[in-house]
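Bear in mind that the values in this text are calculations on the coordinates, not laboratory data. Note that the structure is predicted; figures quoted are calculated from it, not measured. Cβ coordinates were reconstructed from backbone atoms using ideal geometry, including for glycine residues, and neighbour counts include every protein chain displayed.
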Amino acid sequence: MGDFIPSTPISLQIRKIIFDEHNEPDAKFTNDEIFEKLKQTGDLDPSWTIDDVESYFLDICNSGLARNIAQNFTTIWMKLFTPIEKIHCSFCDLDVYLGPEEERICPNPSCKSTV
């Protein structure tokens with residue numbers, strides 16, 4: 001991975017894609033689908049592969065936002081527990097996306113303030 005710094009943190013980009021396209025508990029989605037969307041926005045290091053974003057998807061599952069329902073090599077199929085809420089963080093001035101069961105902590109890695 002290079003020195004690329006995205007304008008919006010990767011974790012927030014992933015959460016926004018899930019919010020915009022998969023925000024219902026019955027919807028199944030994969031990390032591959034989300035990664036393809038990330039690549040389309042261009043706000044991702046072009047040298048990255050799916051393996052470089054694996055930790056972000058593990059964090060989403062560990063946070064209680066989504067659950068891993070199946071896995072095959074590098075593909076992870078997930079489902080949300082409950083719909084995601086859009087919240088504006090007044091500390092970092094970004095929109096963040098949290099599940100109702102998650103801690104009310106900004107998922108922006110450079111913020112982590114209470115929202």
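A few remarks follow.
- In the stretch 76-114, the residues that are β-branched (Val, Ile, Thr) and surrounded by 13 or more Cβ atoms within 10 Å (Cβ to Cβ): ILE76, THR82, ILE84, ILE87, VAL96, ILE105
- Single condition SER7 does not satisfy, out of (1) exposed (fewer than 13 other Cβ atoms within 10 Å of the Cβ); (2) of a type in the set (S, T, N, Q); (3) touching a helix residue (DSSP H, G or I) at 6+ places or on another chain (Cβ under 6 Å): (3)
- Every condition in (1) over 15 Å from the mean Cα position of the chain (by Cα); (2) exposed (fewer than 15 other Cβ atoms within 10 Å of the Cβ) is met by TRP48 except one, and the failing one is (2).
- Within the stretch 46-74, the set of residues being free of Cβ contacts under 8 Å to residues at least 24 places away in the same chain and farther than 14 Å from GLU36 by Cβ comprises ASP51, GLU54, SER55, LEU58, CYS61, ASN62, ARG67, ASN68, ALA70, GLN71, ASN72, PHE73.
- Enumeration of residues in the stretch 8-32 that are among the polar types (S, T, N, Q) and within 19 Å of LYS86 (Cα to Cα): THR8, SER11, GLN13, ASN23
- Every residue from the stretch 1-38 that is touching a residue at least 40 places away in the same chain (Cβ under 8 Å) and in a loop (DSSP other than H, G, I, E, B): MET1, GLY2, PHE4, THR8, PRO9, HIS22, ASN23, GLU24, PRO25, ASP26, ALA27
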